[in-house]
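Chemist: Handing you this structure, nothing more for now.
Computed from the coordinates by the stated procedures, all read-outs in this text should not be read as laboratory data. Note that the structure is predicted; figures quoted are calculated from it, not measured. Here the Cβ positions follow ideal geometry from the backbone for every residue, glycine too, while neighbour counts run over all protein chains shown.
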Amino acid sequence: MKQDTKQSLAFIFDKLARHPFVSVAVMCILLYPFGFCETSGFTTGSYIYGGVVLFVIFALLILLGKIGKNLTEMVVIYLVCVGFAVGGLLLIYGYHNSPVLVLWLALALLAVFVALLRMTGNLSTRNFIILMIAAGIMLRFAYVLYTHSNDRQHDVGYFNWSWGHANYIEYWYKNGLKLPDYDVRLIWQHYHPPLHHWLMAWFLRIQTDLGIEYDVACQGLQFLPLLYSSLTTVVCYRIFRYAKLKGMPLVVTMAIICFHPTFVLMGGFFNNDMLCVLLMMLSIMFTLKWVKKPTLLNIIPIALSIGLGMMTKLNAWMVAPAVAVMFLYVFIKNIKKWLKFLGQFAVFGVICAPLGLWWPLRNYFGEYKIPLTYVPFLSEADPQYCGNMSWTDRFFDFGHGQTSFVYDAFTDPNFGAPYNEFNPTLGLVKTSLFGEGQKAISDVHFPQLGSTGPMLFWVGVVLAALCVVAFIVMMISKKSGLNGISRIYFSLTALTMLASYYYFCIKFPFTCTMNIRYCVPLIPLFTMGLGLLLQRFSGDTKPQKILRYASYALVACFVLMTLIVYSQVGMPEPVMPAV
């Protein structure tokens, strides 16, 4: 490739890297009209829109990238690309409008970009990660396209119904910002802080005002959690860079985040989990930035992310203890400037406390005296109840067929498992890979997962164990590449989340409480541990090489099996011939 092509491609990727949040948001916005509102198939307008967008993107890339020696060659390359796009769209149309084909055609196109970058000498770690993030977004997008508001959700209920997160969204949609004048405990899930539901109601209003049918617009609400999930990958990248990860260790950690099933599943959630996770990860990132440069301007985003996180879901508080330790560390380190930092902390409190606490305080001091940390308790007669088991059995029993059924286990007919999950640790792993809810990902609902589901489970178990061990070792080791206070910060964040999760499982001993959604930030934290371990042992000794290449192979298998399993789930069911 000629030199100006190399420089032009470098220019394009420099712009994408310089504004990653904007780039991710624009990609999601461009994807929305193609089919976010459709769960059973794409409209004719979807294909027309998709074709136009691809034609424009190809033209811009060829012109800005100066791909081709002359005008004739550029036209030929453009026509080949257009032919590829048209063929791909026709293939999707001809195969039951399959969202899975959207994913795999996108992956093929991104593979072409990898080859092009390699040919021009632009295949850097950063540029490869940009393409991985794009691939992860397409995986999330395909999942959202084939996932209905009733599939693998948590307490969502149905739209046009009487309870659940969907009904809570509809309350704000119908009433604007009018606060509830009833006991919010009486309608399931209405006790939650309202930020997520406000945003969903606002987006629902925008769609219906644009003329989109109400039921279709309700499905289109998945755009927001998908956007949150996609933005989280960028936040994780920033955190990993603050941890000084680079090269292949950074690629490995980002591969896990981009393709991890948890973030795919949560990208389709209608509840408030994904926004809460995004804001928690932002608070971790902004705290690292503030410690590096402790200014008033840098402490405000921490206050906003924690405050808005608690205004989304109260368990965002879990980042606060570690943040407080960092505040204390910087204060003691700069004790001669104590007045300056007391001022910063005051500003932090003035912003964070009202945002995070106004809702529970309003409910507590209002007419109905709702406890500050109210969580609805299921009946002990519920089949999910496991409080009658000893804590040693619950926490240390990994036998009795628990790993024979590798998916989250409910005996409810909608789940079809042979027993109810009772081990919180196994619950973490299973729900992180396959989720929960009606039409849960298992070979009960998807017989095609008979062999691939267990493969993903065991690869995930080995990878999770490796990441946890790596995190512990790196947080103890002075040679991890992190200074002492950073190790304390990450360790305390992880310990707080783990302690909160296990306490929650003890206090509310039901199968549905044993879910990764209550401590999702553990995934990037433990993944970072693996990256630090690989970076620490980057030498040429045989054990180090074995560790590195085995880890690379394990992560590659994890990514591949995730793509396969989530493609199988989204493939259209075969039409049986009439007898």
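Chemist: Using the 10 angstrom Cβ neighbour count as an exposure proxy, how do W104, W290 rank, fewest first? Display every interim value, and only then the final one.
Modeler: Numbers: W104 17, W290 23.
Ranked by crowding around the Cβ, least crowded first: W104, W290.
Chemist: Give the residue list of GluC sites (Glu not before Pro) in segment 379-482 that are DSSP loop and have at most 16 other beta-carbon atoms within 10 angstrom.
Modeler: Working: sites: E380, E421, E436; in loops: E380, E421, E436.
Answer by residue number: E380.
Chemist: If you don't mind, another one. Quick one: if you take sqrt(5λ) for each eigenvalue of the C-alpha gyration tensor of segment 327-476, what semi-axes come out, biggest first, whole angstrom? Don't skip to the answer; put the middle values down first.
Modeler: Values: eigenvalues 346, 132, 47 Å².
Ellipsoid semi-axes (Å, largest first): 42, 26, 15.
Chemist: Same structure, new question: Semi-axes of segment 109-175's equivalent ellipsoid from the Cα gyration tensor, sqrt of 5 times each eigenvalue, largest first, rounded to whole Å?
Modeler: Values: eigenvalues 355, 27, 14 Å².
Equivalent-ellipsoid dimensions as semi-axes: 42, 12, 8 Å.
Chemist: Using just the Cα positions, wrap segment 164-221 in a convex hull and report its mean projected area in square nanometres, one decimal place.
Modeler: Working: hull surface 14.8 nm².
Hull-based average projected area comes out at 3.7 nm².
Chemist: Express in nm, to one decimal, how much length is gained between E213 and W161 on full extension, taking 0.36 nm for each residue of separation and deducting their alpha carbon distance.
Modeler: Working: separation 52, 0.36 × 52 = 18.72 nm, distance 1.71 nm.
Answer, rounded to one decimal: 17.0 nm.
Chemist: Given labels modelled 7 Å from the Cα in the Cβ direction, how far is it in nm from D382 to V56?
Modeler: Distance between label points: 4.7 nm.
Chemist: How big is the Cα convex hull of segment 232-301 in projection, averaged over all directions, in nm²?
Modeler: 5.1 nm²
Chemist: In the chain, which whole DSSP H runs stretch at least 27 Å along their own axis (Cα) and average -1.0 or higher on the Kyte-Doolittle scale? Mind showing how you got there, number by number?
Modeler: Working: long enough: 44-64 (30 Å, 2.25); 71-94 (34 Å, 2.07); 99-119 (30 Å, 2.48); 125-145 (30 Å, 1.60); 223-242 (29 Å, 0.93); 273-292 (29 Å, 1.56); 338-365 (36 Å, 0.91); 452-476 (36 Å, 2.43); 484-507 (34 Å, 0.86); 542-570 (42 Å, 0.90).
Span-like helices here: 44-64, 71-94, 99-119, 125-145, 223-242, 273-292, 338-365, 452-476, 484-507, 542-570.
Chemist: Another question about this same structure. Under Stokes-Einstein, with the Kirkwood radius over Cα pairs standing in for Rh, what whole-number D in µm²/s applies to segment 3-145 at 10 °C and 1.306 mPa s? Numbers along the way, then the final one.
Modeler: On the way: Rh = 15.9 Å.
Rounded, D is 100 µm²/s.
Chemist: How many nm separate the modelled label positions at T411 and F21, each set 7 Å beyond the Cα in the direction of the Cβ?
Modeler: Here the answer is 4.9 nm between the modelled labels.
Chemist: Can you compute the charge dipole magnitude of the chain about its Cα centre, using +1 on each Lys and Arg Cβ and -1 on each Asp and Glu Cβ, nothing else charged? Give it in debye, rounded to the nearest 20. Kindly include the intermediate steps, with their values, before the conclusion.
Modeler: Values: 40 positive and 25 negative charges, 670 e Å.
That gives the chain a dipole magnitude of about 3220 debye.
Chemist: Treating only the Cα positions of the chain as identical point scatterers, give the base-10 log of I(q)/I(0) from the Debye formula at each q in 0.08, 0.09, 0.11, 0.12 Å⁻¹.
Modeler: -0.58, -0.74, -1.13, -1.35
Chemist: Further, regarding this structure: Pick out, from F504, F446, C218, the residue whose Cα sits farthest towards the positive end of the charge dipole of the chain, with +1 on the Cβ of Lys and Arg and -1 on the Cβ of Asp and Glu.
Modeler: Result: F504, furthest along the dipole toward the positive end.
Chemist: Same structure, new question: Could you line up S480, S491 from fewest to most neighbouring Cβ atoms inside 10 Å?
Modeler: Values: S480 22, S491 17.
Ranked by crowding around the Cβ, least crowded first: S491, S480.
Chemist: Relative contact order for the chain using alpha-carbon pairs under 8 Å, separation at least 6, rounded to a whole percent?
Modeler: Numbers: 750 pairs, mean separation 87.3, N = 579.
Dividing the mean separation by the residue count of the chain yields 15 percent.
Chemist: I've got another one for you. Under the rule of -39500 (n - 2.57) per DSSP H run of 4 or more residues, summed and divided by the residues of the chain, what mean residue ellipticity at 222 nm is obtained, to the nearest 500 deg cm²/dmol? Don't skip to the answer; put the middle values down first.
Modeler: Values: 22 runs with 381 residues, N = 579.
Helix contribution divided over all residues of the chain: -22000 deg cm²/dmol.
Chemist: Can you give me the relative contact order of segment 164-221 as a percent, contacts being Cα pairs under 8 Å and 6 or more apart? Write down the numbers at each step before the final one.
Modeler: Details: 37 pairs, mean separation 21.7, N = 58.
Across segment 164-221, relative contact order equals 37 percent.
Chemist: To continue, here is another question. Which residues make up the longest stretch of the chain that has no trypsin sites (Lys or Arg not before Pro) in a DSSP loop with at most 11 other Cβ atoms within 10 Å? Let's see the in-between values first.
Modeler: Values: sites that count: K69, K178, K369, K478, K479.
For trypsin sites (Lys or Arg not before Pro) (loop position, at most 11 other Cβ atoms within 10 Å), the longest site-free span of the chain is 179-368.
Chemist: Still on this structure, I have one more. Excluding same-chain residues fewer than 8 positions from K479, which lysines have a Cα within less than 28 Å of its Cα?
Modeler: Leaving aside lysines fewer than 8 places away in the same chain, those within reach of K479 are K244, K246, K289, K292, K293, K333, K542, K545.
Chemist: Mind sorting T496, T511, T295, T262 by how few other Cβ atoms lie within 10 Å of their own Cβ, fewest first? If you can, show how the numbers build up before the last one.
Modeler: Working: T496 18, T511 26, T295 11, T262 23.
In increasing order of surrounding Cβ atoms, one gets T295, T496, T262, T511.
Chemist: Separate question: Do you know the relative contact order of segment 3-145, to the nearest whole percent, from alpha carbon pairs under 8 angstrom that are 6+ apart?
Modeler: Reported as a whole number, the value is 33 percent.
Chemist: May I pose another question? Say R0 is 41 Å: what FRET efficiency, to the nearest 0.05, do Q568 and I476 get from their beta-carbon distance?
Modeler: It comes out at approximately 0.55.
Chemist: For T72 and V325, compute 0.36 nm times the residue count separating them, minus their Cα-Cα distance, and round to one decimal in nm.
Modeler: Numbers: separation 253, 0.36 × 253 = 91.08 nm, distance 6.26 nm.
Extra length from T72 to V325 when fully extended: 84.8 nm.
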